[in-house]
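Chemist: One structure, pasted below without further comment.
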Amino acid sequence: MPKLQRLVGDEGTTFERHFCTIAICCPSRVSLMTGKLAHNTNVTDVNPPHGGYPKFVAEGHNENYLPVWLQDAGYNTYYTGKLMNSHTPSNYNKPFPKGWNGTDFLMDPSTYSYWNSTFQSNHNAPVESDGYSTDFISNYALNFIEEAYSSDRPFFIGVAPIAPHAKVVAAEGSSAFTFPDPAERHQEKFVDVKAPQEGGNFNPDTPSGASWVMDLPQLNSSQLSYLDEYYRKRVRSLQAVDELVESVVTKLEDYGLLENTYIFYTSDNGYHMGQHRMTPGKGCPYEEDINVPMIIRGPGVPKGRTVDFVTSHTDIAATLFDLAGIPLRDDFDGLPMPLTVPEIHNAKSDPRREHLSVEFWGTIIEEGDIGRVSPTEGALVHSNNTYKAMRVIGDSYNFFYSVWCTNEHELYDMTNDPYQMRNLFNNSKGRLLGRDINQVISRLDALLLVLKSCKGSECTFPWQVLHPDKKVTSLPQALQPKFDAFYAAQPDISFSACELGYLLESEGPQEGYAYRRNGHWSNWV
């Protein structure tokens, strides 16, 4: 995407360790627009009863999310493209999404059709388009810039094309995934491009991961060829998005708005294709699915810079509040992203940037024809994909830790194993950070116990939940031997069932113990 790199990357800052906190579109979008983790939005799936637009409305978020807050602060707000799943011609006005001055929403079930999709504008009835959806979204975005320019109010515009998502062909009672569909002008590009195979986790000779991932067979040569073609289609479909970025930046420049506008470029989730033997899809806790693009250009943002401290989608709403001069909400689970040189300089030593929690509930669908049980059956669905996971990163450590609903655990030292191939959890004789590995695991499990149900500042200061005296703010400090008995006494994270949504009765222990000055501990509140 050379236009994106030239106009946003070279003119802004790239956040290498930016993560979504749930690796699937609708819940991730709701987290992005509320500043809350999915266990606090309770929108955990793409369709009802646990997700989609109806669940978003039922949980009260339509009254209380980003565009509503920005309008209250004096902004005009606009949106085009995909808002969230299960937003359809039958419920688009039950109620209308609140907080927008202008909208052109993609409607299910044709959201992922690429061609002749249904759009719903403002409060008008949905209408089927006659063309390529990314190009329509680009034109709608340019129209919103023109509308925003004519007002004396500041503005926010959300632009959400669906490329490079798999094309979804809706059929009666079901739907089928197939190749992404590029615009006609890009159909013949990248004829020699192949799916990336860097690292030891691409179709490995030995099984890896946990839960259903561990049982996957190695992909054969015809399946690998399919991945190559699938990847080419993804890259081709992104060319229209690259052109969209150029059109938006050019329009802002033409109207004299560019130097006073912040541009955020990101994705709602990552994607795996061949890693850990997986066919195309998302929803796993591994790096390919959770580490997503984030590039920001705007006033005061360093140009051409790359940073490697942890940021997440739950930080975006807080960041926009900070830029707009709006007081932060107490129920934000994230915090403003460092965007200026002094803020970036201090971020590496900020204890709030050490950790990142990731969660998921329910099924995961393998996309593409090679994810099918047979040519006549639907996509293969794995029902045991519920998990809690986290990344913990400091100057001398870089860990991934997860607990699946099957009560399988994973621990990866990503400094030495960046592709997550050597699960250290059962390595009883290992050592990390100068301590026995089981001592490290006890701290990680206790930290994840806080994050799995945290709210507000608990999510950014989880060590203070465990150590209210604030004398422990990082993993190395928690590893002091005097805390060994305290962490050994903490309840272990566990699940009693693999559920399709966030059901507390199956989530295991919800709270542990807080350390007190006298060396004793009690339940945290």
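Chemist: List the number of the failed condition for Phe144; all other conditions in (1) of a type outside the set (A, V, I, L, M); (2) farther than 20 Å from Lys82 by Cα; (3) outside any loop (DSSP other than H, G, I, E, B); (4) touching a Gly at 6+ places or on another chain (Cβ under 7 Å) hold.
Modeler: The number of the failed condition is (2).
Chemist: Return the only residue of Ala176, Ala170 being farther than 30 Å from Gly99 by Cβ and part of a strand (DSSP E or B). Steps first, please.
Modeler: On the way: Ala170 fails: farther than 30 Å from Gly99 by Cβ.
Checking each option against the conditions leaves just Ala176.
Chemist: I need the full set of residues from the range 189-232 which are exposed (fewer than 12 other Cβ atoms within 10 Å of the Cβ), closer than 27 Å to Asn385 by Cβ and touching a residue at least 12 places away in the same chain (Cβ under 8 Å), in order please. Steps first, please.
Modeler: Step one: of the range 189-232, the residues exposed (fewer than 12 other Cβ atoms within 10 Å of the Cβ) are 191-192, 198, 205-206, 215, 217, 220-222.
The next check asks that each one be closer than 27 Å to Asn385 by Cβ; those that pass are 198, 205-206, 215, 217, 220, 222.
Hits for the range 189-232 are Asp205, Pro217.
Chemist: Still on this structure, I have one more. For residues in the range 300-348 being of a type in the set (Asp, Glu) and touching a Leu at 6+ places or on another chain (Cβ under 8 Å), which is nearest to Phe156 (Cα to Cα)?
Modeler: Taking the range 300-348 first, the residues of a type in the set (Asp, Glu) are 308, 315, 322, 330-331, 333, 343.
Subsequent filtering for residues that are touching a Leu at 6+ places or on another chain (Cβ under 8 Å) retains 315, 322, 333.
On the way: Asp315: 17, Asp322: 14, Asp333: 22 Å.
The qualifying residue nearest to Phe156 (Cα to Cα) is Asp322.
Chemist: Which numbered condition trips up Thr80, out of (1) closer than 30 Å to Gln187 by Cα; (2) surrounded by fewer than 22 Cβ atoms within 10 Å (Cβ to Cβ)?
Modeler: So Thr80 meets the others, but not (2).
Chemist: Looking at (1) outside any helix (DSSP H, G or I); (2) surrounded by fewer than 21 Cβ atoms within 10 Å (Cβ to Cβ), can you tell me which one Tyr412 breaks?
Modeler: (2)
Chemist: Another question about this same structure. What are the residues in the range 482-493 that are free of Cβ contacts under 8 Å to residues at least 40 places away in the same chain and surrounded by fewer than 19 Cβ atoms within 10 Å (Cβ to Cβ), if any?
Modeler: If the condition is that a residue be free of Cβ contacts under 8 Å to residues at least 40 places away in the same chain and surrounded by fewer than 19 Cβ atoms within 10 Å (Cβ to Cβ), then Lys482, Ala485, Ala489 are the ones that fit.
Chemist: A further question on this structure: Given the criterion buried (at least 18 other Cβ atoms within 10 Å of the Cβ), under 29 Å from the mean Cα position of the chain (by Cα), more than 29 Å from Glu366 (Cα to Cα) and of a type in the set (A, V, I, L, M, F, W, C), identify the matching residue among Ile145, Ile137, Ile162. Step through it out loud before you land on a result.
Modeler: Numbers: Ile137 fails: more than 29 Å from Glu366 (Cα to Cα); Ile162 fails: more than 29 Å from Glu366 (Cα to Cα).
Among Ile145, Ile137, Ile162, only Ile145 is buried (at least 18 other Cβ atoms within 10 Å of the Cβ), under 29 Å from the mean Cα position of the chain (by Cα), more than 29 Å from Glu366 (Cα to Cα) and of a type in the set (A, V, I, L, M, F, W, C).
Chemist: Scan Leu444, Leu448 and give me the residue that is part of a helix (DSSP H, G or I), under 29 Å from Met278 (Cα atoms), touching a residue at least 60 places away in the same chain (Cβ under 8 Å) and not aromatic (Phe, Trp, Tyr). Before the answer, list the steps.
Modeler: Details: Leu444 fails: touching a residue at least 60 places away in the same chain (Cβ under 8 Å).
Matching residue, one of Leu444, Leu448: Leu448.
Chemist: With (1) of a type in the set (Val, Ile, Thr); (2) assigned to a helix (DSSP H, G or I); (3) closer than 29 Å to Gly60 by Cβ as the list, and Thr134 as the residue in question, which single condition is left unmet?
Modeler: Thr134 satisfies every listed condition except (3).
Chemist: Does Val292 fit the bill of being within 16 Å of Thr13 (Cβ to Cβ), in contact (Cβ under 8 Å) with a residue 60 or more places away in the chain, within 20 Å of the chain's Cα centre (by Cα) and buried (at least 16 other Cβ atoms within 10 Å of the Cβ)? Write out each step before concluding.
Modeler: Details: within 16 Å of Thr13 (Cβ to Cβ): yes; in contact (Cβ under 8 Å) with a residue 60 or more places away in the chain: yes; within 20 Å of the chain's Cα centre (by Cα): yes; buried (at least 16 other Cβ atoms within 10 Å of the Cβ): yes.
Spelling it out, Val292 is indeed within 16 Å of Thr13 (Cβ to Cβ), in contact (Cβ under 8 Å) with a residue 60 or more places away in the chain, within 20 Å of the chain's Cα centre (by Cα) and buried (at least 16 other Cβ atoms within 10 Å of the Cβ).
Chemist: Another one. Of all residues in the range 152-177, which are at pLDDT below 95 and within 29 Å of Ile326 (Cβ to Cβ)?
Modeler: Listed by number, the list holds a single entry, Asp152.
Chemist: Same structure again: Can you confirm whether Met390 is assigned to a strand (DSSP E or B) and touching a helix residue (DSSP H, G or I) at 6+ places or on another chain (Cβ under 9 Å)?
Modeler: Working: assigned to a strand (DSSP E or B): yes; touching a helix residue (DSSP H, G or I) at 6+ places or on another chain (Cβ under 9 Å): yes.
The answer is yes for Met390.
Chemist: Please give the number of the condition Thr363 fails out of (1) within 21 Å of the chain's Cα centre (by Cα); (2) farther than 26 Å from Thr178 by Cβ.
Modeler: Only one criterion is unmet by Thr363, namely (2).
Chemist: I would also like to ask the following. Looking only at the range 453-480, filter to residues that are touching a helix residue (DSSP H, G or I) at 6+ places or on another chain (Cβ under 8 Å), not in a loop (DSSP other than H, G, I, E, B) and not polar (S, T, N, Q); which one of those is nearest to Asn42 (Cα to Cα)?
Modeler: Checking each candidate, the answer is Cys459.
Chemist: Looking at (1) touching an Asp or Glu at 6+ places or on another chain (Cβ under 7 Å); (2) of a type outside the set (Val, Ile, Thr); (3) under 14 Å from Lys3 (Cα atoms), find the lone condition where Leu238 falls short.
Modeler: Unmet for Leu238, out of (1) touching an Asp or Glu at 6+ places or on another chain (Cβ under 7 Å); (2) of a type outside the set (Val, Ile, Thr); (3) under 14 Å from Lys3 (Cα atoms): (1).
Chemist: In the range 1-28, what residues are under 20 Å from the mean Cα position of the chain (by Cα) and among the β-branched types (Val, Ile, Thr)?
Modeler: Within the range 1-28, Thr13, Thr14, Thr21, Ile22, Ile24 qualify.
Chemist: Next question. Could you list all residues from the range 89-117 that are touching a helix residue (DSSP H, G or I) at 6+ places or on another chain (Cβ under 8 Å) and either over 13 Å from Phe56 (Cβ atoms) or buried (at least 21 other Cβ atoms within 10 Å of the Cβ) (or both)?
Modeler: Matches in the range 89-117: Pro97, Gly99, Trp100, Asn101, Gly102, Asp104, Leu106, Ser113, Tyr114, Trp115, Ser117.
Chemist: Return yes or no: is Arg29 in contact (Cβ under 8 Å) with a residue 60 or more places away in the chain, charged (D, E, K, R) and more than 29 Å from Pro342 (Cα to Cα)? Write out each step before concluding.
Modeler: Details: in contact (Cβ under 8 Å) with a residue 60 or more places away in the chain: yes; charged (D, E, K, R): yes; more than 29 Å from Pro342 (Cα to Cα): yes.
So Arg29 passes the test.
Chemist: Okay, next question. Select from the range 175-188 the residues that are surrounded by fewer than 21 Cβ atoms within 10 Å (Cβ to Cβ) and touching a Pro at 6+ places or on another chain (Cβ under 8 Å) and list them in ascending order.
Modeler: Ser175
Chemist: Please give the number of the condition Ser496 fails out of (1) of a type outside the set (D, E, K, R); (2) crowded, with 19+ Cβ neighbours inside 10 Å; (3) free of Cβ contacts under 8 Å to residues at least 40 places away in the same chain.
Modeler: Here Ser496 clears every test but (2).
Chemist: Have a look at Thr473, Thr415 and point out the one that is β-branched (Val, Ile, Thr), modelled with pLDDT of 95 or more and within 24 Å of Gly35 (Cβ to Cβ). Break it down stepwise before answering.
Modeler: Values: Thr415 fails: within 24 Å of Gly35 (Cβ to Cβ).
Answer to the selection: Thr473.
Chemist: Still on this structure: Residue by residue through the range 60-75, note down the ones that are farther than 24 Å from Thr134 by Cβ and not aliphatic (A, V, I, L, M).
Modeler: Keep residues of the range 60-75 that are farther than 24 Å from Thr134 by Cβ, which gives 60-65, 68-75.
Hits for the range 60-75 are Gly60, His61, Asn62, Glu63, Asn64, Tyr65, Trp69, Gln71, Asp72, Gly74, Tyr75.
The values are calculated or read from the model by the stated rules, or taken from the named source; none is laboratory data. Computed from a predicted model, the values in this text were never measured in an experiment. With ideal geometry, Cβ positions are generated from the backbone for all residues, glycine too; neighbour counts draw on all protein chains shown.
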